[in-house]
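The values are calculated or read from the model by the stated rules, or taken from the named source; none is laboratory data. Worth saying up front: this structure is predicted, and the values here are computed from it rather than measured. Cβ: placed from backbone, ideal geometry, glycine included. Neighbour counts: every protein chain shown.
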Amino acid sequence: MWQLTIPVLLLYLVIGSCNTNTKQNTEKVSVDSSTLYYCPMHPEIVKLSPGICPKPVCKGMELIKKVNDKGMAEVLNPVNSNVLSSIKTVHPKEMELATDINSQGYIDFDNRTKHNVASKYNGRIEKLYIKNNFQLVKKGDRLFDIYSPELITLQQNLIYLLSGNGSEELINGTKLKLKLLGFTDGQTDALVKTKKVLQVVPVFSKYNGHVHEAPDTRQTNMSMQSRQQTAELSVKEGMYVEKGKGIFNIFDPSDLVVILKINATDVAEIWVGQEVKYTVNEVSDSVLRGKINFIEPFYQQGGKTLLVRVNMNNHEQHHKAGSLVKAIIKGKKTEGLWIPENAVLNLGINKMVWLKKGGGFVSHKIEIGVTSNDWIEVYDGLTKRDEIAAEAHYLNDSESIIKMDSDK
């Protein structure tokens, strides 16, 4: 048996007490080590408790409590890539949607019904029966009377041949030449019968439609806008016209064309023969139907839009050229990942969403496809497990410059 004297026993008690205190102090240090104090002038000076900076230059400056960096990480992130918010969120959906395309446009005259009234010989307009631009004419209406030395000479040749000075072949050839120059059968028969030369020859319309100013007869001192305001033709009585020069055009309003503007992002979903439903001037209750007949092979407005044409039957004359049109182009069904249109922020070339991370949102770049009924197809950048802000515009102001996480 070990026998301990009183002094030895007291020594063990002191040592045990010291060990216990050391353990408690260690535990206390480990608990309090998350709260540190540092000198703002000398960040390398860090202590576990408040105090005074030991550096002489600080002259008794108190240490400042250091907050845990991890707890402030989200707050200290740049505001152009992170925001804190509690707005409504949505998840991308995998579904099949019909990619109908909304478009706007206008009604125009069909170039296929454009007829050019040109002079077939040199001459001077003695009498003009068409006074105004856009005036309606019918087939057989008298357009103008013209004096032409060439026509007078040709009539005199026919009268001379009819007087027994030419063969049947020459006579028929002269009659044909007069017909090609615009003489009607009635005018030729009257010339053969009366043997009297027409000094002034009337010209009749061969078409139905509206008269429009011809480009090559526009006056240089009058702009197109002013001519349309006055609705007055630049062709006047007494003017000399040259052979082959257009005097005016005639457009038939029975057949019109709808010109629709297609955004560059939707061009891949457009094809000839595609069904189109449209309304005119937004006040018409009737929905008209047609098909895309032609797609122009070049972009308008610096590559932003493409024009397509839809032929329009207007035989009842209910619609006028220049009327505005709203159309829905029926597209094919597309299966993919879709998000609400309002969840996407358009930054020009780039498209982004606010992706939820923790208690905030991070700007995130995505690749989009077509738009259909307020939904946008996502090609790349999201999965159906992601959570994004439902209203992207609520998380940025008009002057902010968004930097996406993919650009870091």
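Structure data summary
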{"quantity": "Filter pass, Asn111 being of a type outside the set (A, V, I, L, M), within 26 Å of His210 (Cβ to Cβ) and surrounded by 15 or more Cβ atoms within 10 Å (Cβ to Cβ)", "calculated": "no"}
{"quantity": "Test: residue in the stretch 342-352 that is without any contact (Cβ under 8 Å) to a residue 12 or more places away in the chain, assigned to a loop (DSSP other than H, G, I, E, B), at positive phi and not assigned by TED's automatic domain parsing to the domain that holds Gly209", "calculated": "yes"}
{"quantity": "Odd one out for Ser286, checked against (1) assigned to a strand (DSSP E or B); (2) within 30 Å of Gln135 (Cα to Cα)", "calculated": "(1)"}
{"quantity": "Failed item in (1) in the same structural domain as Val267 (by TED's automatic domain parsing); (2) at pLDDT 90 or above, with Asn314 passing the rest", "calculated": "(2)"}
{"quantity": "The lone exception for Gly105 - which of (1) surrounded by 14 or more Cβ atoms within 10 Å (Cβ to Cβ); (2) at pLDDT below 80; (3) among the small types (Gly, Ala, Ser) it fails", "calculated": "(2)"}
{"quantity": "So Tyr121, is it surrounded by 14 or more Cβ atoms within 10 Å (Cβ to Cβ) and modelled with pLDDT of 90 or more", "calculated": "no"}
